[in-house]
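Computed from the coordinates by the stated procedures, all read-outs in this text should not be read as laboratory data. Remember, it's a predicted structure, so these values are computed and weren't measured experimentally. As a convention, Cβ positions derive from the backbone with ideal geometry for all residues, glycine included, and neighbour counts pool all protein chains shown.
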Amino acid sequence: MAKRSERLLNLMQALRRRRRPVTGAVLAEEMGVSLRSVYRDIETLKSMGAAIDGEAGVGFQLRAEHFLPPLMFTDEEIEALVLGLRGLIYGPDGEMAATARDASSKIEAVLPRAKRDEMLSVGLFVIPPRTVDEANPLGRLRRALREEKQVWLGYRDKSGATSERTVYPVALGYFEGYQTLVAWCTLRHDFRNFRVDSISALDVLEAPMPEPRRTLFHRWSSALNLPDLT
């Protein structure tokens with residue numbers, strides 16, 4: 001059986017992964033311990049300041065504002081963070097690259113010395129692109145997603161035909177070599193995918209989207225029967 005400190009960390013991680021309350025029985029089965037141990041561990045975490053809501057028979061949930069200290073990262077989690085941040089630093093989005101560098105520095109600053117050394121020596125890397133398009137609209141699209149604003153697009157399709165339309169941005173997909181905007185298109189009255197490198201003009205409008213982006217995202221992902229992407 002895992003040491004209790006490790007079990008407490010695993011329990012916190014199991015709660016963090018879930019957006020809805022989870023019963024003690026499910027947690028006990030997942031962790032390979034008794035239900036009584038789960039209840040006891042939850043009380044221990046609460047006494048240590050963990051913001052856990054719920055009760056036995058109903059379910060438990062970690063409140064969104066509660067975060068694990070970075071010093072609790074495992075070796076594999078540090079590798080995942082480093083690889084993800086390096087992918088952004090050497091990616092096509094200049095603004096996001098600067099943000100990723102800042103985030104990396106903040107993580108390094110709060111890690112214990114041994115973990116910081118591990119982070120700096122991770123042998124995973126991302127090959128940077130040969131050229132960077134300074135006019136890339138990813139930053140403006142991310143702002144539109146964040147602020148839930150309508151966007152006017154000038155677009156060029158595969159055949160070279162151009163069109164103009166207003167869209168409600170739903171999500172940005174980052175693929176190898178290109179990015180795609182998922183949006184509700186007011187011209188086609190349906191969800192459409194737009195390759196970012198085919199956007200010839202873009203304006204983030206002041207008009208808000210008529211319904212929450214999360215609602216549109218759920219409708220789009222449900223229609224395609226996609227797994228949880230968030």
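Can you pull the percent of Cα pairs in the chain with separation above 23 Å? Walk me through the numbers before you get to the answer.
On the way: 16611 of 26335 pairs.
The share of Cα pairs beyond 23 Å in the chain comes to 63 percent.
So if we plug the beta-carbon distance of THR99 and THR180 into 1/(1 + (r/R0)^6) with R0 = 25 Å, what FRET efficiency do we get, rounded to 0.05? That pair, THR99 with THR180, gives E of 0.75.
Relative to the longest principal axis of the Cα atoms of the chain, helix 213-223 runs at roughly 90 degrees.
Want the number for GLU29 to VAL58: 0.36 nm per residue separation, take away the alpha-carbon distance, what's left? Write down the numbers at each step before the final one.
Working: separation 29, 0.36 × 29 = 10.44 nm, distance 1.63 nm.
The span from GLU29 to VAL58 would gain 8.8 nm if fully extended.
What is the chain's relative contact order, in percent, from Cα pairs under 8 angstrom and six or more apart in sequence?
About 12 percent, as a whole number.
Calculated [222 nm] ellipticity per residue, helices only, for the chain: -13000 deg cm²/dmol; basis is -39500 (n - 2.57) per DSSP H run with n ≥ 4, divided by all residues, nearest 500. Packing around the peptides 83-94, 104-115, taken as the average count of other Cβ atoms within 10 Å per residue, puts them in this order, highest first: 83-94, 104-115. Lysine pairs in the chain whose alpha-carbon atoms fall under 29 angstrom of each other, counting only those eight or more residues apart or on distinct chains, come to 6. For region 180-230, relative contact order (Cα pairs under 8 Å, six or more residues apart, normalised by length) works out to 24 percent.
Fully extending the segment from ARG116 to ARG140, taken as 0.36 nm per residue of separation minus the present Cα-Cα distance, adds 5.3 nm. When only alpha carbons of region 105-184 are considered, Rg and Dmax amount to 18.6, 56 Å.
Placing a pseudo-label 7 Å from each Cα along the Cα-to-Cβ vector at LYS106 and HIS189 gives an inter-label distance of 4.4 nm. Would you mind getting me the FRET efficiency between GLU76 and ARG219? Use the beta-carbon distance for r and R0 = 35 Å, nearest 0.05. E(calc), rounded to 0.05, equals 0.50.
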